[in-house]
Amino acid sequence: MMNDYVVVDDVGDFSYYPSETAMLDDLEYVDEAACIVDRAGHDYRLTMDSDRHLRLGPSLGTVEFNWLRQAWANNQRRNMQSHPLQRFYPTTLEALLSGLFEMLYLEHAGRTSGAPWILEADGEVTHPATLQEVNSLLAHSDHLERVTVHDPFGHDYQPIRHAGHRFFLPTAGSVYYVEVPGRFKRTSVHH
């Protein structure tokens, strides 16, 4: 199991950190993190040691499921460009944590060591390494309805372009990825 964390900051934004060290190096003050969650769902806060350095405090127990789910939904709506992966609504803490860690990792960290992304457009299959590469490949596509995207964790998405300003070109808006039931044709990569 990885020792990575998701931090909900004092304004409700979510960030992924691959390690405790990376998190502590990035955060600046004790109350900056409203909630720190590990993959097991343990809830933490920041403290200071005797030398006034930030430290991860002891677990406060299991994170409150309904609060975390609502905070994540609010953050996704508020920051859709930062969180373009839109998965099915989680009904358990385990599903919420799994999805949260996977999506934030894919959106921020990029490459996975395992399976690649799979992008199928009009029967042509490509294997971009990161979500950013998927975005680049779809940036000027006119027909996203003919595209299916499969992430490295096994989720299928229909890309949808969010219309920008009405005077912009149709391909100028941001692309979001809405999870769909497993309809991807796994012809070239097996899990």
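The values are calculated or read from the model by the stated rules, or taken from the named source; none is laboratory data. Bear in mind the structure is a predicted one, so any value in this text is a computation, not a measurement. We place every Cβ from the backbone using ideal geometry, glycine too, and count neighbours over all the protein chains shown.
Out of all the residues in the stretch 157-169, is one or more over 30 Å from residue 63 (Cβ atoms), at pLDDT 90 or above and part of a loop (DSSP other than H, G, I, E, B)? No; the residues of the stretch 157-169 include none that is over 30 Å from residue 63 (Cβ atoms), at pLDDT 90 or above and part of a loop (DSSP other than H, G, I, E, B). Beta carbons closer than 9 Å, at least 6 apart along the sequence or on distinct chains, pair a first residue in the stretch 130-144 that is within 13 Å of residue 84 (Cβ to Cβ) with a second that is of a type in the set (Asp, Glu) for 131/107; 131/151; 134/151. For the stretch 38-63, a residue qualifies if it is at positive phi and touching a helix residue (DSSP H, G or I) at 6+ places or on another chain (Cβ under 6 Å), and exactly one does: 41. With respect to the numbered conditions (1) of a type outside the set (Asp, Glu); (2) closer than 16 Å to residue 177 by Cβ; (3) touching a Lys or Arg at 6+ places or on another chain (Cβ under 8 Å), which one is the sole condition not fulfilled by residue 82? Here residue 82 meets the rest and fails (3). When the stretch 1-41 is filtered for residues that are farther than 21 Å from residue 78 by Cβ, surrounded by 12 or more Cβ atoms within 10 Å (Cβ to Cβ) and more than 18 Å from the chain's Cα centre (by Cα), the ones remaining, listed by number, are 20, 24, 30. Checked against (1) under 18 Å from the mean Cα position of the chain (by Cα); (2) closer than 22 Å to residue 161 by Cβ; (3) assigned to a helix (DSSP H, G or I), residue 137 passes all but condition (1). Residue 143 meets each of the listed conditions (1) under 17 Å from the mean Cα position of the chain (by Cα); (2) outside the structural domain of residue 28 (by TED's automatic domain parsing) apart from (1).
For the condition of a type outside the set (Gly, Ala, Ser), more than 18 Å from the chain's Cα centre (by Cα) and at negative phi, what is the one hit in 79, 66? After ruling out the rest, the residue left standing is 66.
Just one residue in the set 73, 95 is in the same structural domain as residue 12 (by TED's automatic domain parsing), out of contact with any strand residue (DSSP E or B) (no Cβ under 7 Å at 6 or more places or on another chain), assigned to a helix (DSSP H, G or I) and surrounded by fewer than 18 Cβ atoms within 10 Å (Cβ to Cβ); that residue is 73.
Just one of (1) outside any helix (DSSP H, G or I); (2) touching a strand residue (DSSP E or B) at 6+ places or on another chain (Cβ under 8 Å); (3) within 21 Å of residue 181 (Cβ to Cβ) fails for residue 58. It is (3).
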